[in-house]
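Taking it in order: structure first as structure tokens, then the write-up.
The values are calculated or read from the model by the stated rules, or taken from the named source; none is laboratory data. These numbers come from a predicted model, not from an experiment. A quick note on method: Cβ atoms are made from the backbone with ideal geometry, for glycine too, and the neighbour counts reach across all protein chains shown. For the accessible areas, the whole protein counts, side chains as well, though only heavy atoms, and no ligand, DNA or RNA atoms are used. Shrake-Rupley method; radii C 1.70, N 1.55, O 1.52, S 1.80 Å.
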Amino acid sequence: MAAPGPLFQRLANIWRLLSLRSDVDHLILELLGSFSLEKIYADGDKDSYQTLVVTLLAQLNAIFHLQRLTLPSENLQVGWYLGFLVSWEVALRSVEFVLQTVLEGRESLWEVESLRGKYLAEFLLSALRVLALHPKAPANQRAKDRRDRFARIHRSLERVFDSYPGEQSFLLLVCKEVTDSLRTNPDSLALPPGLRYELPNIASELYPLPDCLSSQNVSTIVPSNGFSEDWLPQFLALRDISHFVVGASVQYVVNRETRDMRLQASSARIRNAVLHALDNLRIPGHISRADLISTFSETFRTVLPETPGFVRRISSDSQFDESEMDAIEALCSRLSDRQLIHRLSDREMMHSLSETTRLIALLDDPSGQFRAARPRLYAMNCSTCHLFGDSQLRNLGHFKFPPDTGENSEANLPPNSRCGACGEAVTVMREVSLARHTWDLLKPLEPNADTINVERHLPTQFQQAPPKVETGMTFQPGYSNILAGGPRLRDAGPYTTCRGPPERSRSISQTILSPISPGAPQISDPSRVGSSDSGNSKELIQAMLQKLDTGKQESLSPLEFAESSTSSQNRFEPTSSSIPIEAASPTRSRIVPMIVPPEKGRSRWRPRFGSRKESAGASGDTSSLSSATLESQRLEEISLKVLTTPPKKTSRGKIAKHIYVYLSQNSTYALFWNQTSIYIWDLGTSPATMSRAISAESTCVLAAVTKIHLAYIIGTRDQKLTLRIVNLIQPSVAAVEYRMSSSLWCRSITICPMENYVVVGFDNSIVRIFSTTNSEEPREDQLQTECKECQPVETLSFSNDGLVLLASTRSPKSGLIQVYLWRFPYLIFEEVPACRYQVPLHESEDGGVSSAIYRSGVGGEDNLICITTWTQLGTPILVQPQDGHRTDIRTEISNRQSRLGNRIQRAAFSPSGKELAIVNNKGDLYKISNLNSSPMDIKKIATSKELTAKSESFAMAFMTFPDEEAIVLSWTDFSKGTGFIKKIPTSLYGGGPLVLSTTSVTQLTQVIPESPKYELAADNKESQNLPAELISSNTRSTLNTTNRLGVAKNSFF
């Protein structure tokens, strides 16, 4: 067969997921209900409403198109097919719902002729054909009742014609003829006798094409001397034939058929017979014969590209063709999710299936690590034929195995081998192929629906976001868009953390030295925070709450802060450890001195924020920034002198002269830390206030913070590492501790925004995923296995919704960057081939990968991955992982230079995913919008500290504050013992919403520069999606599986 085109691929995807389903009624009702909920927020926006209607019509047409191919012929037993057919009542009410929607949306749909002439007409023809031939009309309805129901549809269609006067498309005129015929006689459009009893359906094979579809029989449908009143049944019969011809080719590809059925030749003969019959068809004068032939030509071109094309009088709009493709892709995703949910709903079946696969995995690896992607089982030739697993033998050093082919594969064992179970001499082992075949058949049916369960509780399941709050209107907290970074919901309730049982063999009490405010940061109702064993349900709740910020944190005023520094030293006293860190010596805590605000008399200190001068190291081209814009960017300084002074009791060796910075992804916390102490500052207050001070008790190597957890790694001289996870919400809860059994050195760390996991990257491409709730053994994945000394994991990052984890590595020899992806719950990883990026090595100025971040697509937009480097030649890029489309991020000076440059310190996506922020080596902050368009809108909006190398003393992130969303820049100056914080409100540059009074808007209009014509509009309307081929993203990779940490050698032999 010829190479399939995009339309054929869409039909194949729909066929795989929609054919012979037993939940068609529920699926249609779900689509109608989802449209009704989407319509609430689309009123007043014509483009959004038009896209919604096209999406609904395209998805319903796909369903009814397959329903027509599912109808059984009259000589088949109807009862067997009832489960696969849409009910007559649901189909008819769906038609009435759509017609009523088109009538009510006249003001928004008036200008779009293709919506009525193509999408509405195709859906009506498919649905009416199913209704006319449906074998199971309601039993309590007489012929008169059916006529009345079709008469209602005919009247609604006539009102559509009256509401949208002017020239109508060929298909819509045919729809009116069909309803007029059905309201007179519901059985008037029956199939010809040959097709009525012999036409196949998709429950069987449509290929080879049956005799009733042969060119000889097709030529008899329209006799040369027929009557004009017979044209409509003949037209519908020919239309059915064309759809069955296309369906046979689609089914042939979906079934991965290899037999030669000569479909191309037989389909071409049938096409020629159909076109010849159309010449003999006697149609009314108001029906265009050119449009008639064009309709059939487009259908046959799906499988026969050489079919000549004709142009209709009313052609489709390319904009809505893209919407149709997006609609089909969204329907495929919905269908796949429904399959998983329905399968999991049958608890008994899923339990039996999972038990079978678990037993096979246990036979393969009795240690319980379950690392094999495809377990295999071997029988020894001892007297009792003892069984051993593939993983078990590999752990023992045996690497000679039978090939994968053959049912009786066997391999010779080394001389003097003995069975590990009975001790008898063995010479041969043979594979038990039944175990492998059982695994291959059952394992794909054992899905993990955790990702679907979490996404179902997020607002991103809808295309339309809630409307913005109008200026001057009373703000209702419950009516804001939680993804747009708007004002916080103060009644959202407290966070509920999942904690394990209190008896932890490895946990220690946390060493919290200075909570500045009582219980800071506090949640709104601490009494409601408790423990629960239902971890899965808590994760779902946290996934929802993670999108919301709690109310404004309680904090002391600057004056109270200064007073408390001298009178509350008892707050710095550490709590004793419940379990010692080392067996020989118990854990002891040091007192970290209080950070004292600068004295008022010392002139060298600048104001806390609103400084007119940048820091000493600030540079960059500010010509594009107005003075008013710079004034709106608040620069705040905080004293970090305590982090520059070595402690009295310090271990031997030099203390690095650095103060490191880390900004939280889901809160307003900032970490300032060195090797001995960690300080948590809350940037949500004005000025920023210190929330916690923690002693590292050893050399701190890495640290990260979120709203609930602080995670940091301490190391010793012999490279033994310990990870500690501290709960910031519940000070009474003991910290969780993990001791690393491996000598691998850590390179990167991140915390899941849903607060469930801490992920650490190591040398040798090792990634370990730790639980934040208990000290259970972490999961371990080795990203690369075909190397002796694999490259380290340079970056780790979570998407803003916490559903995707990214890791990146870079080859020290070739400079090749590779990106790896996990999806919640992070059990399986896979490389993203589209993100392979070759960046030549330059040792003098090569800082490797600086960012590899993921944006989940929202509102029909594609997923995006941004990769930035600190190199000479590595241009920042945006990659669409599904189709591999890659875009360079450049602000052109010449063909070889860009103002943005290639030395990038940090990149971050906004919470809404519509903007990207990048900081380069000059400290210049660029905001990039219209990410799915060409060209993108790249604008320099701020300057900060100039850097000479990639530094951990500089950080950037999006943060949501009580009244605004802002890009936060933070850096430190060790020589001065000062930290700098700069907040750039995104509302001033077309970013997230900001609630302003009337006077505020008047002042802002004087300082906001005029936006380019391709900038994000003021009403936050999303840009149109770039065309992309439909690629199924639901297939899980079986090449990479979850490995465990601490695999012990099995002593079976």
Listed by first then second residue, the pairs whose first member lies in the range 958-977 and is open to solvent by 20 Å² or more (accessible area, probe 1.4 Å), whose partner is assigned to a loop (DSSP other than H, G, I, E, B) and at pLDDT 90 or above, with beta carbons under 8 Å and at least 6 positions apart or on separate chains, are Thr960/Thr668
Residue set Pro840, Pro825, Pro812; condition under 24 Å from Thr706 (Cα atoms) and not in a strand (DSSP E or B); output residue Pro825
Considering only helices (runs of 4 or more DSSP H) wholly within the range 282-381, the ones with at least 1 residues that are modelled with pLDDT under 85 are 318-345, 347-364
Checked pairs for the range 29-40, first among the hydrophobic types (A, V, I, L, M, F, W, C), second open to solvent by 30 Å² or more (accessible area, probe 1.4 Å), C-beta under 7 Å and 6 or more apart or across chains, list as Leu32/Phe97; Leu37/Phe462
The residue from Arg343, Arg374 that alone is open to solvent by less than 60 Å² (accessible area, probe 1.4 Å), among the basic types (Lys, Arg) and touching a residue at least 24 places away in the same chain (Cβ under 8 Å) is Arg343
Across the range 804-821, the tally of residues that are over 22 Å from the mean Cα position of the chain (by Cα) and surrounded by fewer than 22 Cβ atoms within 10 Å (Cβ to Cβ) stands at 6
Within the range 386-444, restricting to residues that are hydroxyl-bearing (Ser, Thr, Tyr) and modelled with pLDDT of 80 or more, the one that is nearest to Ala372 (Cα to Cα) is Ser391
Within the range 266-292, residues under 46 Å from the mean Cα position of the chain (by Cα) and either in the same structural domain as Gln168 (by the TED database) or surrounded by 19 or more Cβ atoms within 10 Å (Cβ to Cβ) (or both) come out as Ser267, Ile270, Arg271, Val274, Asp291, Leu292
Within the range 293-309, residues being more than 15 Å from Val250 (Cα to Cα) and open to solvent by 30 Å² or more (accessible area, probe 1.4 Å) number 5
Restricting attention to the range 173-185, the residues that are surrounded by 16 or more Cβ atoms within 10 Å (Cβ to Cβ) and either in contact with a Lys or Arg (Cβ under 6 Å, 6 or more places away or on another chain) or part of a loop (DSSP other than H, G, I, E, B) (or both) number exactly 1
Of (1) over 30 Å from Thr51 (Cα atoms); (2) modelled with pLDDT of 90 or more, Ser811 fails just (2)
Of the residues in the range 42-87 that are among the β-branched types (Val, Ile, Thr) and assigned to a helix (DSSP H, G or I), the one that is surrounded by the fewest Cβ atoms within 10 Å (Cβ to Cβ) is Val78
If we take the range 684-732, then strands (runs of 3 or more DSSP E) inside it with 1 or more residues that are closer than 20 Å to Thr795 by Cα are 699-705, 709-715, 721-727
Of the residues in the range 417-447, those that are open to solvent by 30 Å² or more (accessible area, probe 1.4 Å) and either of a type in the set (Asp, Glu) or part of a loop (DSSP other than H, G, I, E, B) (or both) come to Ala421, Cys422, Gly423, Glu424, Thr427, Val432, Asp440, Glu446
Exactly one of Ser242, Ser188 is of a type in the set (Gly, Ala, Ser) and in a loop (DSSP other than H, G, I, E, B), and that residue is Ser188
